[in-house]
Amino acid sequence: MARCEELTEVTRTAATDLPADPEVEWTGRTVKVPFFAEHMREELILHRWDLTGDDSTAREALSHSWMTEHSVREVGKPLLRLGASLLGLGPDERIEGRLRSPGADDIVVAADRSGVHIGFDTPTGPATIESDPATRNLLLWGRHPADPSRWHSDAGPEELNRVRNLLIGYRPEVLVSAE
């Protein structure tokens, strides 16, 4: 815990002592240094879940809207690119899905040979996956809650598995089959 507090202090100091809007190369793109404070916070929450699982602290932390925003706007495309590359989409193949949580905009994910898309949209039409907000954030990162009743889908098995495989995150060992 002391190291987390030290990391928070270093980040706070960097935000005030560095020149305005410094940029660094990260995962093949350029990001602003303040991005890392939020990203570190998200990584700590996510990896705490990896270690401790679905306790009330994890569910509460994973439910915050700032985490959903960061997952979609800041790291969503690199995560989807990995999933799309592992799927080896054909020239006319497209995967599209909607992740829905009560009281929030849908997250729309899509991939085809020309690239990937992730963004927010008003809830319309059927959702591919419906879940609580914490589960939706886990799904974006290629993870699944221990309790399968926290999410459901009325999509058929083929569509559901294609979207789940697109949302593989950094865990390619969990590719699922429609069989």
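The values are calculated or read from the model by the stated rules, or taken from the named source; none is laboratory data. Just so it is clear, the structure is predicted and the values come from calculations on it, not from any experiment. Positions of Cβ are generated from backbone atoms using ideal geometry, with glycine treated the same way; all protein chains shown enter the neighbour counts. Side chains included, ligands, DNA and RNA excluded: accessible areas come from the protein's heavy atoms. Shrake-Rupley method; radii C 1.70, N 1.55, O 1.52, S 1.80 Å.
Just to confirm the filter: which GluC sites (Glu not before Pro) across region 63-98 are DSSP coil and have at most 15 other Cβ within 10 angstrom of their Cβ? Answer by residue number: GLU74, GLU93. Rolling a 1.4 angstrom probe over the chain with all protein chains present gives an accessible area of which 54% lies on carbon and sulfur atoms. The sum of -39500 (n - 2.57) across all DSSP H runs of n ≥ 4, divided by the residue count of the chain, sets its helix-only mean residue ellipticity at 222 nm to -14000 deg cm²/dmol. Does anything in region 121-160 have its amide N under 17 Å from the 7 Å Cα→Cβ label point of GLU96, and if so which residues? Residues 121-129, 155-156, 159-160 fall inside that zone. Once backbone amide H atoms are built at 1.01 Å from N, ILE168 has GLY83 as its partners under 5 Å, excluding neighbours fewer than 5 places away on the same chain.
Rounded to the nearest 20 debye, the dipole magnitude of the chain is 200 debye, with +1 charges on Lys and Arg beta carbons, -1 on Asp and Glu beta carbons, and the Cα centre as origin. Excluding ligands, DNA and RNA, the accessible surface per residue across the chain is 55 Å² with a 1.4 Å probe. Computed from backbone phi, the HN-Hα couplings of region 137-152 come to 5, 4, 4, 4, 9, x, 10, 9, x, 5, 8, x, 6, 7, 8, 8 Hz, rounded to whole numbers (Karplus: 6.51 cos²θ - 1.76 cosθ + 1.60, θ = phi - 60°; Gly and Pro given as x).
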